[in-house]
Amino acid sequence: MFDIGLNLTSSQFAKDRDEVVAHAFAAGVKGLLLTGTNLHESEQAQLLAQRYDDCWSTAGVHPHDSSQWSNESAESLYALAKTPEVVAIGECGLDFNRNFSTPEEQEKAFTAQLALAAELGMPVFMHCRDAHARFLTLLEPWLDKLPGAVLHCFTGSHQDALECLDRGLYLGITGWVCDERRGLELRELLPAIPAERLLVETDAPYLLPRDRKPKPPSRRNEPAYLGHIVERVALWRGEDPRQLSAQTDDNVRRLFGIDF
């Protein structure tokens, strides 16, 4: 099983990154994709991917940081994307929930990163919150120019999921689905996601699975908990966890073009 979304650059891992990674692989995780959320974090993610075996990274600017976007940003990401560790452009997209950057700034940065991914022939690793319609409007013109795209940490509605799947997107599922308060709608739509379009992730250190027993000692999520997410997703889809894991691993190889 492969964790496609891990924020290993987070300060929450500052004191024990080596142990966190070792614990993940000891728990059966086969590979990690480290998320880049701005230029600095993307650079740090790439360096960490160099440091650990079976780790890769993304390079991009999250919608929260879109106000920082500039021509220099594009040039820096272009150079970073040329390194062997970087396998996708992102995390990019829209977040109209918090609007830490204005919608106009977000749209400019998102479109620029889609153009960069198309130029480089790389897949995109995307974020969307409370912006579904506008997100699809901006994305659609680029879909036939991209080798692939994943909407990471999907938490939208059943209809949102169908519209993304109709456009060929992969959907990344996190421990959000294990939350008995917020994850029930996502849990119910899991069977509608074709197996060949499903990816799994922890988004650690965020989104700790609430139903994990025994309860973890802290609220920090870890990539070692990916197996629990896979087991729960398989249960709610009516599938064998080992088959689901094998399928999602194949999806990772196909989307990101990596071998692990």
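The values are calculated or read from the model by the stated rules, or taken from the named source; none is laboratory data. Owing to the predicted nature of the structure, the values given are computational and were not obtained by experimental measurement. Glycine gets a Cβ as well: all are built from the backbone with ideal geometry, and neighbour counts include every protein chain shown. With ligands, DNA and RNA removed, areas are computed over all heavy atoms of the protein, side chains included. Shrake-Rupley method; radii C 1.70, N 1.55, O 1.52, S 1.80 Å.
Quick notes on this structure:
- If you go through segment 237-260 and keep only what is farther than 24 Å from Leu189 by Cα, part of a helix (DSSP H, G or I) and open to solvent by less than 60 Å² (accessible area, probe 1.4 Å), you end up with just Phe256.
- Taken together, the criteria exclude Glu107 from residues that are part of a helix (DSSP H, G or I), open to solvent by 10 Å² or more (accessible area, probe 1.4 Å), over 16 Å from Phe96 (Cβ atoms) and not polar (S, T, N, Q).
- Among the candidates Leu151, Leu171, Leu162, the residue that is over 16 Å from the mean Cα position of the chain (by Cα) and modelled with pLDDT of 95 or more is uniquely Leu162.
- Subset of segment 212-233 that is of a type outside the set (A, V, I, L, M) and within 9 Å of Gly175 (Cβ to Cβ) - its residue that is modelled with the lowest pLDDT: Arg212
- Which numbered condition Val124 misses (of (1) open to solvent by 30 Å² or more (accessible area, probe 1.4 Å); (2) under 16 Å from the mean Cα position of the chain (by Cα); (3) not polar (S, T, N, Q)): (1)
- Condition broken by Ala192, with the remaining ones in (1) open to solvent by less than 30 Å² (accessible area, probe 1.4 Å); (2) over 21 Å from Gly36 (Cβ atoms); (3) touching a helix residue (DSSP H, G or I) at 6+ places or on another chain (Cβ under 7 Å); (4) of a type outside the set (Ser, Thr, Tyr) satisfied: (1)
- Scope segment 53-73; condition open to solvent by 30 Å² or more (accessible area, probe 1.4 Å), at pLDDT 95 or above and either among the small types (Gly, Ala, Ser) or over 24 Å from Cys128 (Cα atoms) (or both); matching residues: Asp53, Asp54, Ser67
- Flag if Ala112 is open to solvent by less than 50 Å² (accessible area, probe 1.4 Å), of a type in the set (Gly, Ala, Ser) and in contact with an Asp or Glu (Cβ under 8 Å, 6 or more places away or on another chain): no
- Looking only at segment 43-95, and only at residues there that are touching a Pro at 6+ places or on another chain (Cβ under 6 Å) and not charged (D, E, K, R), the one that is farthest from Ala118 (Cα to Cα): Leu94
- Cβ-Cβ contacts under 6 Å between residues 6 or more apart (or on different chains), taken from a first residue in segment 228-246 that is on the phi < 0 side of the Ramachandran plot to a second residue that is modelled with pLDDT of 95 or more and polar (S, T, N, Q), are listed as Val230/Ser245.
- Of the residues making up segment 200-236, those that are more than 24 Å from His62 (Cα to Cα) and open to solvent by less than 10 Å² (accessible area, probe 1.4 Å) are Ile229, Val230, Val233, Ala234.
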